[in-house]
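Structure, as structure tokens:
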Amino acid sequence: MARRVGIVGAAVTPFKGKWYEKTYYELAQMATREAVKDAAISIKDVDAAFYGIYNDIFERTCIPEHPLHGIIGMQNKPGIRISCGGATGAYTTSAAHAYLAGERFKTALVLGVEKATDCFDFLSMSATPEVIKAIGWSGDSFFEQKLGWSASDSYAEVVLGYMDEHPGDLKPEITAQISSQLSKQARTNPYAQRQFDQVTPEEVVNSRYIVYPFKELEICVYTEGAAALILAEEETAKAIAKNSGKAIVWITGVGEANEHSFAGKNQKDMSRIMSDYLASHRAYDMAGIMDPVKAIQVVELHDAFVHQLEITAAEFGLVPLGRADSLIEEGIMLPGGRLLVNPCGGLIYCGHAVGASNIMSAWSARKELIERNLKTAVVHGTGSTIAQYTACQILEHE
């Protein structure tokens, strides 16, 4: 029988649009140091490292994890790097969980770091063209890249497919209210990139289109930062918690799924994010959750785009498909509602440092479970072209 695995330490750096004064090495060191400190252990007590780093071009090296290993104190120990687009952080946590549950290690560091805007275009004197180009390399090299593929239009394909299937859902006034609510939640997160960018629904509606139907204030921005977790198998976790005096948050369910996607031979149902549905229900099965509506209180969903957050909530069974707008219309995610959705501000307002984003979400979910004395959370990451990859974890606070 697989061993139980818990989170015994967690930390994030401030998320910023640009860390002028720090390299990605230093951001990784910052997050690692604080996570180890949070667990009240030494880096010498950590058996293995699992690195979530999405884009080699961002870090300007094809093996960005190799210089990190020694400078964070993990020399001569195992280290594995995971890259799965926007789902990188969640997949990295799943990988570490599997090794610990399978009795390979007793403790593990899960470390995500990204330095996106070190890319720079000297013709425009801006990072934006190079960042878009670097992300564009994630698309199919034979077809999608040649057509000018970008993350925004890729996700828009799925959203428009959903809107065709459910024409009364994802109404502009609702997506605007969700963005506004997320901005208010970021106000209490001192690590958020846009902590003080509170916006009204009217400002969201009146912001410019990036790619239809996404408005400027409904999408994430480029982010630099790092996040880290310390995971431990059950007996070690209990010993660490006894020493640190901090509660253990157990990972009771994990689930992953990757859909088929190939230009010209696409088998994906464009009105669904089936990877979200499959991964979440695999995690529910593992955690013994029969009814997620009754079981889950905290939700940290990957929200690079507000519309995608709504679809994901429906695929996760938290609201009905075709009625994702009930998140606002029925007050589900509003103050006093039954779900705490992206309390950190989500990727749109806390920031999307891709490899670190879902690890930051796990940090946030753990924090809310402990501070509010709640029981169950779900953490989610999605990525690749047309929301093809998903990984998620169920967290439980006893």
Over region 144-162, the set of residues of a type in the set (A, V, I, L, M, F, W, C) and either within 24 Å of the chain's Cα centre (by Cα) or not assigned by TED's automatic domain parsing to the domain that holds D303 (or both) is W149, A151, A156, V158, V159, L160
Helices (runs of 4 or more DSSP H) contained in region 42-145 and holding at least 1 residues modelled with pLDDT under 95 and not basic (K, R): 56-59, 66-71, 128-136
Given the options K106, K77, K115, name the one that is of a type in the set (K, R), under 28 Å from V221 (Cβ atoms) and in contact with a helix residue (DSSP H, G or I) (Cβ under 9 Å, 6 or more places away or on another chain). K115
Scanning region 154-179 for residues that are outside any loop (DSSP other than H, G, I, E, B) and surrounded by fewer than 19 Cβ atoms within 10 Å (Cβ to Cβ), the one modelled with the lowest pLDDT turns out to be E157
For region 1-32 the number of residues that are within 16 Å of E114 (Cβ to Cβ), in contact (Cβ under 8 Å) with a residue 12 or more places away in the chain and not in a loop (DSSP other than H, G, I, E, B) is 11
In this structure, does D303 turn out to be among the acidic types (D, E), assigned to a loop (DSSP other than H, G, I, E, B) and under 30 Å from G9 (Cβ atoms)? yes
Of (1) touching a Ser or Thr at 6+ places or on another chain (Cβ under 9 Å); (2) crowded, with 20+ Cβ neighbours inside 10 Å; (3) of a type in the set (G, A, S); (4) more than 30 Å from M286 (Cβ to Cβ), S138 satisfies every one except (4)
One residue is enough: does region 337-349 have a residue meeting the conditions free of Cβ contacts under 8 Å to residues at least 24 places away in the same chain and either basic (K, R) or not in a helix (DSSP H, G or I) (or both)? yes
Can you say whether S364 is of a type in the set (G, A, S) and either buried (at least 24 other Cβ atoms within 10 Å of the Cβ) or at pLDDT below 95 (or both), as far as the supplied structure shows? yes
For A279, are the conditions met, namely being within 20 Å of Y162 (Cα to Cα), part of a helix (DSSP H, G or I) and modelled with pLDDT of 95 or more? yes
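The values are calculated or read from the model by the stated rules, or taken from the named source; none is laboratory data. Quick caveat, the model's predicted, so the values are computed rather than measured. Glycine also receives a Cβ, built like all others from the backbone with ideal geometry; neighbour counts cover every protein chain displayed.
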